Amino acid sequence: MSEIRLAAESRTEFGKGAARRARRAGFVPGVVYGHGHAPVHLNLPGHDLMMALKTPNALLVVPIDGKDEYVLPKAVQREAIKRSIEHVDLLLVKRGEKVTVEVPVHTEGELAAGGNLLEHVLNALPVEAEATHLPEAVTVSVEGLEAGASVLAKDITLPAGVALAVDADAVVLQVIGAQAAEPAADEAAEGTEA
């Protein structure tokens, strides 16, 4: 995964009024914490941050005290209606450090014929990986799976250096057979008269 560089500014004003002024100017208030450091308050460019967060587990590079630091988005608060980013919490990480993140599960292939349905028990798979080498997603082949089949976490092929952070026997996907429709009440009544 590539790193995304953001030009952040140190934030000295706090409170609702300061946050609203920052948002009107096109910035998103944020805080960086982790590794025992005191929290660092930043204003991040709103559009650049929104584009960066479209990538799951985006590794961001922000300037803190004149030095570029790696951070991962920990919590993103969005406005309820417009869905614009209101605030972001960022976790400070170091090169080579192992972190636990949730990686989206994508599927490929077609299920066996017969109207079967694929249920995603886990939409995202918890994994542990080096902070600078996080996978964007894992892909699982469901080609030819029949009703009753399931894919366990241990069945998923992970990239090198990535380990499961969930029970190996946890069900990630399962195939459900098509349900037969119950006969309508009129049809059932006709069947008893004959």
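The values are calculated or read from the model by the stated rules, or taken from the named source; none is laboratory data. Only a predicted model underlies this, so the values are computations on that prediction, with no experimental measurement involved. A quick note on method: Cβ atoms are made from the backbone with ideal geometry, for glycine too, and the neighbour counts reach across all protein chains shown. These accessible areas exclude ligands, DNA and RNA; they are computed on the full protein's heavy atoms, side chains included. Shrake-Rupley method; radii C 1.70, N 1.55, O 1.52, S 1.80 Å.
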Next on the checklist: Looking at segment 152-180, I want the residues that are at positive phi and have a partner that is not β-branched (Val, Ile, Thr) with Cβ atoms under 7 Å, at least 6 apart or on another chain. Which pairs are those?
Outcome noted: GLY161/ALA129; GLY161/GLU130; GLY161/HIS133
Checklist entry - Among the residues of segment 99-106, is there at least one that is under 17 Å from the mean Cα position of the chain (by Cα), among the polar types (S, T, N, Q) and at pLDDT 85 or above? => result yes
Next on the checklist: If THR132 meets every condition in (1) out of contact with any Lys or Arg (no Cβ under 6 Å at 6 or more places or on another chain); (2) open to solvent by less than 40 Å² (accessible area, probe 1.4 Å) apart from one, which number is that one?
Outcome noted: (1)
Item to check | Matching residues, segment 5-51, being without any contact (Cβ under 8 Å) to a residue 12 or more places away in the chain, under 26 Å from the mean Cα position of the chain (by Cα) and assigned to a strand (DSSP E or B) | outcome: PRO39
Next on the checklist: Just the residues that are at positive phi and open to solvent by 50 Å² or more (accessible area, probe 1.4 Å), please, taken from segment 41-86.
Outcome noted: ASP65, GLY66, ARG83
Next on the checklist: Scan segment 109-127 and tell me whether some residue there is open to solvent by 30 Å² or more (accessible area, probe 1.4 Å), modelled with pLDDT of 85 or more and of a type in the set (D, E, K, R).
Outcome noted: no
Checklist entry - Taking segment 94-108 as the region of interest, how many residues are more than 24 Å from VAL28 (Cα to Cα), open to solvent by less than 50 Å² (accessible area, probe 1.4 Å) and part of a strand (DSSP E or B)? => result 4
Checklist entry - Which is touching a Lys or Arg at 6+ places or on another chain (Cβ under 6 Å) and not in a loop (DSSP other than H, G, I, E, B), of LEU72, LEU91? => result LEU91
Next on the checklist: Return the pair list, or none, for Cβ contacts closer than 7 Å from residues in segment 134-147 that are under 16 Å from GLY161 (Cα atoms) and β-branched (Val, Ile, Thr) to residues that are open to solvent by less than 30 Å² (accessible area, probe 1.4 Å) and not in a loop (DSSP other than H, G, I, E, B), at least 6 apart or on different chains.
Outcome noted: VAL138/VAL103; VAL138/VAL105; VAL138/LEU125
